[in-house]
Every structure is written in structure tokens, then in C-alpha cells.
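FYI, it's all coordinate maths here, none of it is from the lab. No experiment lies behind these values; they were computed from the predicted model shown. Neighbour counts are summed over all protein chains in view; Cβ atoms, including those assigned to glycine, are modelled from backbone coordinates with ideal geometry.
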Amino acid sequence: MSKVRVRFAPSPTGPLHIGGVRTALYNYLFAKKHKGEIILRIEDTDQSRFVKGAEDYIIESLNWCGIKFDESIAKPGNYGPYRQSDRKLLYLQYAEQLLQSGHAYYAFDTQEELSQMREDMKNAGIPSPQYNSITRVGMKNSLSLSEDEVKKRIKSGEKYVIRIKMPRNEEVKINDLIRGWVIVNTNNMDDKVIFKSDGMPTYHLANVVDDYLMKISHVIRGEEWLPSAPLHVLLYDFLGWSNKMPEFAHLPLILKPDGNGKLSKRDGDRLGFPVFPTQWQNPETGDISSGYRESGYYANAFINMLSFLGWNPGTTQEIFSMEELIESFSLERVGKAGAKFDFDKTRWFNQQYLRKKSKEELCKDLQLILKSELIVKDDFFVSQVCEQLKERATFISEMWYEGRYYFLRPESYDEKTVRKKWKEETPDLLEELKNKLEPLIDFSSENIEKEFKAYLLEKEIGMGRLLPAFRLSLTGLGMGPSLFEIATLLGKKEVIDRMENAIKNIK
Ligand code: GLU
């Protein structure tokens, strides 16, 4: 294999959907696996779809994901510039080359004329009319007009586009690394615009020219680009670059959780989960779309989840670090079928990564939240809390929401538990228990538990008669981690105070 050079080529038309991140990830894994290079190229030739802030957003999001580029706007290599609008002057010569070799032509048709043509064709019973080898003869272009007329129009400054001249009845073959042979007849392809009247190339020309000039060896991109691939193959051919053509791999779609169609940008709001790596604020409306980062996901959990949307390692291993992914990844193990997005699985991955963190790491993150809540606790206390809550949490923020009682006294008590477990006898039992705990010198969880059990034995009552009420008094809740562990962490004075509060306040 020649040197592997791949590119991720987003258009800055808005935030990067997770499908785009998955494309970037697979490119990255493929490049690193083969000791190759990955390039970030910004494809901004469509000025009408340009969205302010999108480029920065894309760069920052990929950075958060840990996808590092060997060449980019910020890190130019030998094949720059890396933003297509900065390469503008470069494309015209290739459009001209195609004109000269007869593979492209000028077209002067106005929007009205194009609409008229489509309408006429529809009326004639053609459901999806195209500008192609049949219709082009009736339009205003350098194939239908005389040479003089064409020159005159160009000289007078009339607006024109350059279109590819699709050959008649030829087969274009692509051996896609994922899909196998794809064969399309040129009769089913239209004369796409390759150069626009604003002096910019279209995506197709710019993409092919740049892949060639940047020495791209493999084009790995979403399935939505498969219909464009035959045109790209023809462009390589017409430009005389066939022997330098990259290999193609079109990745399967990411589907909605129910498998019904492509996961769209709007599905996130509808289904209540983020579809963007990081939060995005629409610069025009100010609307905010949630992101995985801001929702508390770890970047490596997010990446691990994404890696499985279309690829599998062929083993039962599910947790992969980036290094392990690089090691295991191959395009052969990328499927053709669309991959259903599974939000529960995404949460599961985060939970697994949270569990793998040391208590010191978790403590650091939880301290940040506590600080914003103006709660001051020493690291020892906070890491103990993390240790106790670790198995129950998916996000670090849950340790605060669900473990508030470690830091603040309960102000209310779970109603359902009160109704079910707080009986007439409870205040007296709790009072007696309190009197047993108060003289303890050793307030370790084992000792508290021992004392608690001895008291149950003395009263000849079961756990259920007192433990829920004890928990309620310390935490305000009906469920949680080991209560004796909580008690020892809170310390004797706090435990006694909370028991007294509960006896006084729960009715
Ligand atoms: N600019 C295209 C996009 O936004 C890139 C497609 C390709 O990779 O060729 O997805």
C-alpha cells in the first residue's frame, strides 16, 4: 500500500453531527493503524451555506474527542492551504483543462430557464428532469450555441457556470472497500455544475482536485456521498489522474434508535439526547443544542461508543482505549448495514469509564462541582463519597445530585418512604438507637453496624423495622449506598443531629 494519507473534510455549515465525528474517527483510526497521516480540510466553497462559528466549533469538538490531525489550518504541512476558500485560485485551471479537453462546457442558463426546462420535462412525463446529454441540446450552453456567440456572451460579462459533459451510455465502476463493486451507467448521471458563477468551484471539483493535490490515498466518508463517487471517478479520469485515484470506502449510515431512517440533527431534541459532540449555539437564533461534553460524558467513552456504530472488533471486548481502537480497527470489519444509535448504550459506556476512574480523579471532578455550589469539603471526605457512589453513578454530576446528603442535611424526607416506613413506634426506636450510638468511641462503619444489629436483637425486631427510618433520617431518601458507610463518613455528631432532626420533623 502506498503511504496512507486520509482526510476529514467537513463543510462549515453548522455543528458537527455525531455521524461526522464517526467519519473523522474512522479516518483517524485507519491513518494511525497504517502509520499514515490524517488531514483536516475545511470545505467551504458553498458560501451560501456558510455558518459563522461552525469552523471553530468543528475544530474544537474534534480536539475534545482526541482526534488529532497531522495537517490542518492550525498545523500546516506541505499541502496547504487547508481551507478551500483559501485555495480558490487553484481550481480554475482544472476547470479550464476540462473545457479544453472537451469534458466540460459553459452554460449560460438563468434560474428561470432552468425551472422552465424542468417544468416542461415534467409535463412531458419525466418525473425527475435533469440537465443531461438529452436536455443540454435545448439549453443555452457552449455545446448548443456557436463559438462566436459563446465568446460574445463571456466578453460581455454574462454569468455562466461550467458543467461536466457526461458521456452517453458508459459504465463507471468503483470498487468500494466496504460495499464492493458499484457500477453506474452515465445515462443516469447529470451534467453537474463543477464551477459556479461566483468564481468558486463546486464541492465535486474542489474535492477531487484537493484529494489529488493533497495526495490522499483513501477517501473514507459517509454513505450519503456514494452517489457522487461515480462523478468523482470520471473527474479523475478526465483530468488524467486515474492512476492516482484514491480508494473509496463509504461508511454505513447512523440510524435513529428505532432503525427508521437516518439519525438527523433534529432527532436529538425530539428524543432527548445530544446529537452533537459539544454544545452548539446557533449564531442567528441563539438556540442551544446540547452536546455530549456539556452533558457530562467523557470524551473517551463517547469515542468508544461511536467506534461501535458501524464497526465491531469481532470479539466480545467492548471497552477500547483510543490506542486499542487503532490497534484493532480495520475497514474489513465495517459493515454495510446502517448502525442503530443506542442512547442507553451510550450511557452505559460512560458508566464504565466512570467506574474505571480512580477516587482521586473523581474527587477532582466532584470538587469542581462542589466549588460552584459553594461547598467546602476536604479531599479525603470527597474521595470517600466518590468511592461510595461510584457504582451507582453514570455521570460525576449525579454524585452531587444524588449524594447531596453527604454535604447538606436533608431538608425534606422522601414521602413514599415516610408513608411506608415511618410508623408510630419509629421515633422512640430511633431515639433509643441514638442513645446507643452516642457513647461510641469507635464510630467506624463496622462498629455502627454491630451496635445497630445488637439493638435490633435486643428489641427482637427485624432490619425492615428500623433501617429505612434510620436511612431516612440521615439522607432523606429511601435508597442509597451502605448506610453504615455513610454514617461513619458523616461522623458521630452529624449523625446524632440528623437523627434528632428527623425525630422532630417527620410526622
Ligand atoms: N464536504 C463534504 C462534507 O461536508 C465532504 C465529503 C467528502 O468527504 O468527500 O461532508
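Here are the numbers:
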| read-out | value |
| --- | --- |
| Where GluC sites (Glu not before Pro) fall in DSSP loop in region 188-287, at most 13 other Cβ within 10 Å | E284 |
| Theoretical ellipticity at 222 nm over the chain - DSSP helices of four or more residues, -39500 (n - 2.57) apiece, nearest 500 | -13000 deg cm²/dmol |
| Formal net charge of residues neighbouring L368 (Cβ-Cβ distance under 13 Å; K, R +1; D, E -1) | -1 |
| Shape call, region 360-401: gyration tensor on alpha carbons, a/c limit 1.5 | oblate |
| Rounded to 5, percent antiparallel among DSSP beta bridges of region 176-332 | 45 |
| Given K52/K345; K265/K390; K423/K459; K244/K340, the pairs whose alpha carbons are separated by over 25 Å | K52/K345; K265/K390; K244/K340 |
| Ratio of Rg to Rh over the chain (Cα coordinates, Kirkwood Rh, two decimals) | 1.17 |
| Rounded to 5, percent antiparallel among DSSP beta bridges of the chain | 55 |
| Length released on extending from Q281 to T13, taking residue separation times 0.36 nm less the Cα-Cα span | 95.2 nm |
| Spatial separation of Cα centroids for region 141-193 and region 301-315, in angstrom | 40 |
| Cα-derived Rg over Rh, computed across region 434-474 with Rh taken as Kirkwood radius | 0.95 |
| Region 371-507: C-alpha gyration tensor shape, a/c 1.5 cut-off, then a/b vs b/c | prolate |
| Orientation-averaged projected area, Cα convex hull of region 63-198 (nm²) | 12.7 |
| Loop-located GluC sites (Glu not before Pro) in region 395-477 whose Cβ has at most 14 other Cβ within 10 Å (DSSP) | E411, E424, E425, E460 |
| Region 102-141: GluC sites (Glu not before Pro) in DSSP loop, at most 14 other beta carbons within 10 Å | none |
| Global geometry of region 11-88, whether rounded, prolate or oblate, following the gyration tensor of its Cα atoms and the 1.5 cut on a/c | oblate |
| 14 Å Cα-Cα reach of K68 towards aspartates and glutamates, excluding residues that sit fewer than 8 places from it in its own chain | E37, E60, E323 |
| Rounded to the nearest 20 debye, dipole of the chain from Cβ charges on Lys, Arg, Asp, Glu | 720 |
| Extended-chain gain in nm, criterion 0.36 nm per residue less alpha-carbon gap, S48 and D497 | 155.0 nm |
| Inter-label distance, nm, simple model (7 Å from Cα along the C-beta direction), I154/K504 | 9.2 |
| For L255, distant residues with modelled amide H under 5 Å away | L263, A339, K340, F341 |
| Two-site label geometry, E438 and E360: point separation in nm, points 7 Å out along Cα→Cβ | 4.2 |
| Estimated distance in nm for a label pair at A454 and A337, the labels positioned 7 Å out from Cα along Cα-to-Cβ | 6.3 |
